[in-house]
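Please read the structure below before turning to the comments.
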Amino acid sequence: MQKFVGTGVALVTPFKSDKTLDFDALKKLVTFTIENGIDYLVINGTTGESATITNDEKKEIINVIASVNNKRVPLVLGVGGNNTANVIKELHTADLSEIDAILSVAPYYSKPTQEGFYQHFKAISLASPKPIILYNVPGRTSKNMEPSTIIRLANDFENVIAVKEAAGNMQQYLELIKNKPKNFLIISGDDDLALPVVLAGASGVISVIGQAFPKEFSSLINFGLEGKNKEAYALQFKLIEIINLIFTENNPAGIKTVLQELNITTDEVRLPLVKTTSEIQKEIANFVANF
């Protein structure tokens, strides 16, 4: 589990102007993040526009990332959904040989009860050949998986090793940190709260902004893990403007605008997502130019 302590990055999926996959840009992004201190990579998460990526494209993306990575850092794959049977089918049929853990989002749209959440992840736990990182993001799923449910899963299933918590609720983070089993990891899914959460006892972050500023953001988290508050907050204050900007309209449109300014990939997204407005583009361009 130590391999998931520190800074993970939820990679974007780069597209060309015709919305097809841009593998050259993906290779560039993976190399950039690894060489600048990121601890692990997350593939096909929300930031990777998983909702509009086909199964064939997912396989290609995994193969390219695994090849460029060459086992330098752990890889986490998004495998989740609101159809439990389909998630289990993917776990049974996907080639997970290059994958170190799966990130499984709480069921969306269906709005299950807390018992429904538990039974969903129980079934996934029993089916998964890889460790599981739960992903609680009620802003997208419309239903909060409560800390008591997460702790229950952590206690009952050894392969449920962590939660990416992204409710944006500090009190919920503190409850999880206080009551978690000893070796269970609390991972921030909120870039803006990652530092205070780590200082409170969390294990790190799965970040969006980390792929644009990997050296600075991973240093921020490492300082937090070491209890070096002053150094950590200096970096937090340096990055807080861009963290806020990338989430002003939509993720991953915001981070793709940053990555375009850094000449890593284009800002193309697939519908129903659209690019950031000209106002946000200008603010991001100004930040990057003066960083």
Requested in this report: Take region 185-212 and flag every residue that is in contact with a Lys or Arg (Cβ under 7 Å, 6 or more places away or on another chain) and closer than 22 Å to Ile284 by Cβ.
Outcome: Gly189, Ile206
**Report entry** Hits in region 18-45 (condition: surrounded by fewer than 21 Cβ atoms within 10 Å (Cβ to Cβ) and within 21 Å of Gly6 (Cβ to Cβ))
**Finding:** Thr31, Phe32, Ile34, Glu35, Asn36, Gly37
Report summary line: When region 135-176 is checked residue by residue, the ones that are within 19 Å of the chain's Cα centre (by Cα), closer than 23 Å to Lys3 by Cα and of a type in the set (Val, Ile, Thr) are Val137, Ile150, Val160, Ile161, Val163
Report summary line: Contact list, first residue from region 265-291 and within 13 Å of Gly254 (Cα to Cα) and without any contact (Cβ under 8 Å) to a residue 24 or more places away in the chain, second anywhere and assigned to a loop (DSSP other than H, G, I, E, B) and among the acidic types (Asp, Glu), beta-carbon distance below 7 Å, six or more apart or interchain, is Lys275/Asp267
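Any chance you could count how many residues in region 214-245 are in contact with a Lys or Arg (Cβ under 9 Å, 6 or more places away or on another chain) and touching a residue at least 40 places away in the same chain (Cβ under 8 Å)? So that I can check it myself, show each step before the final result.
Initial filter on region 214-245 (in contact with a Lys or Arg (Cβ under 9 Å, 6 or more places away or on another chain)): 216, 220, 222-223.
Now restrict to residues that are touching a residue at least 40 places away in the same chain (Cβ under 8 Å): 222.
Of the residues in that region, 1 qualify.
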Query raised in the report: What are the residues in region 73-97 that are farther than 13 Å from Phe121 by Cα and surrounded by 13 or more Cβ atoms within 10 Å (Cβ to Cβ), if any?
Result: Val73, Pro74, Leu75, Val76, Leu77, Gly78, Glu90, Ala94, Leu96
Query raised in the report: Within region 255-282, restricting attention to residues that are closer than 23 Å to Val9 by Cα and of a type in the set (Asp, Glu), which residue is surrounded by the fewest Cβ atoms within 10 Å (Cβ to Cβ)?
Result: Glu261
Requested in this report: Would you be able to tell me the number of residues in region 137-191 that are of a type outside the set (A, V, I, L, M, F, W, C), closer than 18 Å to Ile124 by Cα, crowded, with 24+ Cβ neighbours inside 10 Å and without any contact (Cβ under 8 Å) to a residue 60 or more places away in the chain?
Outcome: 0
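Would you check which residues across region 71-91 are over 19 Å from Phe4 (Cβ atoms) and either at pLDDT below 95 or assigned to a loop (DSSP other than H, G, I, E, B) (or both) and list them? Lay out the reasoning, then the answer.
Quick first cut of region 71-91, residues over 19 Å from Phe4 (Cβ atoms) only: 81-90.
Matches in region 71-91: Gly81, Asn82, Asn83.
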**Report entry** Subset of region 216-236 that is of a type in the set (Asp, Glu) and assigned to a helix (DSSP H, G or I) - its residue that is nearest to Lys27 (Cα to Cα)
**Finding:** Glu216
Query raised in the report: Quick one: would you say Ile240 is of a type outside the set (Asp, Glu), buried (at least 20 other Cβ atoms within 10 Å of the Cβ) and either at pLDDT 95 or above or closer than 18 Å to Leu41 by Cβ (or both)?
Result: no
Report task. Kindly list, by first and then second residue, each pair from a residue in region 70-97 that is closer than 27 Å to Thr113 by Cβ to a residue that is part of a strand (DSSP E or B), limited to pairs with Cβ atoms under 6 Å and residues at least 6 apart or on different chains. Result -> Gly78/Leu103; Val79/Ile102; Val79/Ser104; Gly80/Ser104; Gly80/Val105
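Inspect all residues belonging to region 118-129 and state whether any of them is within 30 Å of Thr248 (Cβ to Cβ) and under 20 Å from the mean Cα position of the chain (by Cα).
We begin by selecting, within region 118-129, every residue within 30 Å of Thr248 (Cβ to Cβ); these are none.
So far as region 118-129 goes, no, none of its residues is within 30 Å of Thr248 (Cβ to Cβ) and under 20 Å from the mean Cα position of the chain (by Cα).
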**Report entry** Subset of region 1-28 [closer than 17 Å to Asn251 by Cα and either in contact with a strand residue (DSSP E or B) (Cβ under 8 Å, 6 or more places away or on another chain) or not in a loop (DSSP other than H, G, I, E, B) (or both)]
**Finding:** Gly8, Val9, Ala10, Leu11, Thr13, Pro14, Phe15
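The values are calculated or read from the model by the stated rules, or taken from the named source; none is laboratory data. Everything quoted here is computed from the prediction, not taken from an experiment. A quick note on method: Cβ atoms are made from the backbone with ideal geometry, for glycine too, and the neighbour counts reach across all protein chains shown.
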